[in-house]
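To keep things clear, I will list the structure first and then write my remarks on it.
Any read-out appearing in this document is the output of simple, stated calculations on the displayed coordinates, not a laboratory observation. Owing to the predicted nature of the structure, the values given are computational and were not obtained by experimental measurement. We place every Cβ from the backbone using ideal geometry, glycine too, and count neighbours over all the protein chains shown.
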Amino acid sequence: MTANLLDFDLEGLAVFCERLGERRFRATQLFRWIHQKGASQFDDMSDLAKSLREKLKVHAHVQCLPVVSQHVSADGTIKWLFDVGGGNAVETVFIPEDDRGTLCISSQAGCAVGCRFCSTGHQGFSRNLTTAEILSQLWFAEHFLRKHLKVSERVISNVVMMGMGEPLQNYTALVPALKAMLDDHGYGLSRRRVTVSTSGVVPMIDRLSMDCPVALAVSLHAPTDALRDNLVPLNQKYPIEELLQTCIRYLAHAPRDFITFEYCMLDGVNDQPSQANALIQLVQSHARQGLRCKFNLIPFNPFPASGLLRSPQARVQAFAKQLQDAGLVTTVRKTRGDDIDAACGQLAGDVQDRTHVKVRIAQQRTIILRELNEH
Ligand code: SAH
Ligand code: SF4
């Protein structure tokens, strides 16, 4: 079996090149061809020696995940569905804004954490994505968008690991992918513009602070263990106090001087004034120990199996105001891509019906290939 070069960060690629009897600097050239120029054919890599290209053709390939479908929202958001085999698919969402282009990437097919309000969680866990499968999403989106928009400069400026899956439960594959995103010879993204979002895998947050500190978002969703145990079952293993202490430790290494707490607003569940108050007490009581944070309130994106409802807008605003009045920086997330089911937690609603997914993947692939060919 030959190696998929999307599976490597630069260091991994250097080791691979050495095994082929090549000098390490060849890896830098190769890495730039793949990630900066979007090349996948070795013959296109004109400044590589012919002998190296021939060797690579025997031992390596550059293989992106197959695209199953592409949906473009009225607001410019684009959602891609990628086939990861075995009847599974993962989703990637591009969110264009005036001053940035954000790509929301998946880390697993399904998720084992099983949060009550998340459709990926309801779907269960299928498998971890490989580094190549994680990086494929960025490689494809960046080079597709450049070609489509007819630009040669970078389109994606920000990456958020907020698609399907819990990135810190796929740590070994995640870290090389993050390193390739940050590498100046790769995508050259700033650490502050790459965000790992986690439901709170405490030991892995600590490891990330050592191995690859990027911006951190923590899905909090509740001010008390009793409620969080119920909404985010992982809380039973790593309760709030332990999680906050870990956040404080992370801040010493973080590229930003705050942690973002995500809080999904669920009607009558976690959106009451008393709960805003409890949240304020919780973070203020840790401020002395060094906890610096911002809140991002996410209006819940409902799906039938959850049995939950979105908080009314007025309650979201009131909750935000209560936090702001207490001096906590709080934003309410705009929902983007609603019309194409690309909003948080709606991802891969499409693949829940597993019995038909293979047929649908085949049908959708025909459509996307047509669309891609037209551009
Ligand atoms: N597993 C990681 C990252 C993926 S989920 C995590 O949980 O942080 C990304 C964000 O979407 C999380 O904050 C998650 O709580 C939120 N989310 C999940 N389902 C949602 C839904 N139905 N509506 C709104 N936000 C949701
Ligand atoms: Fe998994 Fe995150 Fe969904 Fe929870 S919210 S089930 S951790 S993807």
Legend entry - Filtered trypsin sites (Lys or Arg not before Pro), the range 95-163: DSSP coil and at most 13 other beta carbons within 10 Å: Lys150
Legend entry - Relative pair counts by distance (%), Cα atoms of the chain, 10 Å bins: 5, 23, 32, 24, 11, 4, 0
Legend entry - Of the trypsin sites (Lys or Arg not before Pro) in the range 13-48, those whose Cβ has at most 14 other Cβ within 10 Å and which sit in DSSP loop: Arg23, Arg24, Lys37
Legend entry - Selection from Val113, Asn88, Ile156, by position along the positive dipole direction of the chain (Cβ): Ile156
Legend entry - Order of Thr224, Thr330 - criterion: other Cβ atoms within 10 Å of each residue's Cβ, fewest first: Thr224, Thr330
Inset, instruction - Could you grab the relative contact order for the chain? Cα pairs under 8 Å, six or more apart, rounded to a whole percent. - result: 17 percent
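Mind checking the full-extension length gain between Asp339 and Val151? Use 0.36 nm per residue of separation minus the Cα-Cα distance, one decimal, nm.
Numbers: separation 188, 0.36 × 188 = 67.68 nm, distance 2.72 nm.
Stretched fully, the Asp339-Val151 segment lengthens by 65.0 nm.
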Inset, instruction - Find how much the distance from Gln324 to Lys50 grows on full extension, using 0.36 nm per residue of separation minus their present alpha carbon separation; answer in nm with one decimal. - result: 92.5 nm
Inset, instruction - Find, among the trypsin sites (Lys or Arg not before Pro) in the range 204-284, those assigned to loop by DSSP (not H, G, I, E, B) with at most 12 other beta-carbon atoms within 10 angstrom. - result: Lys237
Legend entry - Cα-Cα separations in the range 144-251 greater than 20 Å, expressed as whole percent: 46 percent
Legend entry - Long-range HN-HN contacts of Leu189 with modeled amide H, under 5 Å: Leu182, Asp183
